[in-house]
Amino acid sequence: MTTAAPERLTRIREIIAENIDVDLERLSDTALFIDELGADSLKLIDVLSALEMEYSIVIDMNELPKMVNVEATYEVAATAAGW
């Protein structure tokens with residue numbers, strides 16, 4: 001059974017919050033990780049790695065600059081996973 005998109009989005013949001021050290025309540029779908037939430041590029045690499053491990057996918061490092069918020073990160077993961 002595949003995970004439904006809302007469940008995937010919830011899990012991706014949890015992974016992001018954990019890796020950029022922000023409360024889930026502050027993590028809206030459009031909040032910018034670096035500009036609004038104070039994340040740095042190393043934390044975003046942690047997000048990328050955690051997504052790869054969680055979903056057994058490979059995300060090209062060239063996709064990292066696209067991962068600016070939850071929505072964009074979901075799209076990068078979805079593309080890599082073929083959802």
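The values are calculated or read from the model by the stated rules, or taken from the named source; none is laboratory data. None of these values were measured; they are calculated from a predicted model. Cβ placement follows ideal geometry from the backbone for every residue including glycine, while neighbour counts extend to all protein chains displayed. These area figures cover heavy atoms from the full protein model, side chains too; ligands, DNA and RNA do not enter into them. Shrake-Rupley method; radii C 1.70, N 1.55, O 1.52, S 1.80 Å.
Observations
Conditions (1) hydroxyl-bearing (S, T, Y); (2) surrounded by fewer than 18 Cβ atoms within 10 Å (Cβ to Cβ); (3) in a helix (DSSP H, G or I), marked per residue:
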position: P6; (1), (2), (3): no, yes, yes
position: V22; (1), (2), (3): no, no, no
position: S28; (1), (2), (3): yes, yes, no
position: L32; (1), (2), (3): no, yes, no
position: L48; (1), (2), (3): no, no, yes
position: M53; (1), (2), (3): no, yes, yes
position: N62; (1), (2), (3): no, yes, yes
position: A77; (1), (2), (3): no, no, yes
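- Within segment 64-75, considering residues that are β-branched (V, I, T) and closer than 14 Å to R13 by Cβ, the one surrounded by the fewest Cβ atoms within 10 Å (Cβ to Cβ): V70
- Hits in segment 37-46 - residues which are crowded, with 18+ Cβ neighbours inside 10 Å and assigned to a loop (DSSP other than H, G, I, E, B): L37, A39
- Near pairs, Cβ below 6 angstrom, 6+ apart or cross-chain, from segment 14-36 (without any contact (Cβ under 8 Å) to a residue 60 or more places away in the chain) to any residue that is open to solvent by 60 Å² or more (accessible area, probe 1.4 Å) and in a loop (DSSP other than H, G, I, E, B): L32/V68
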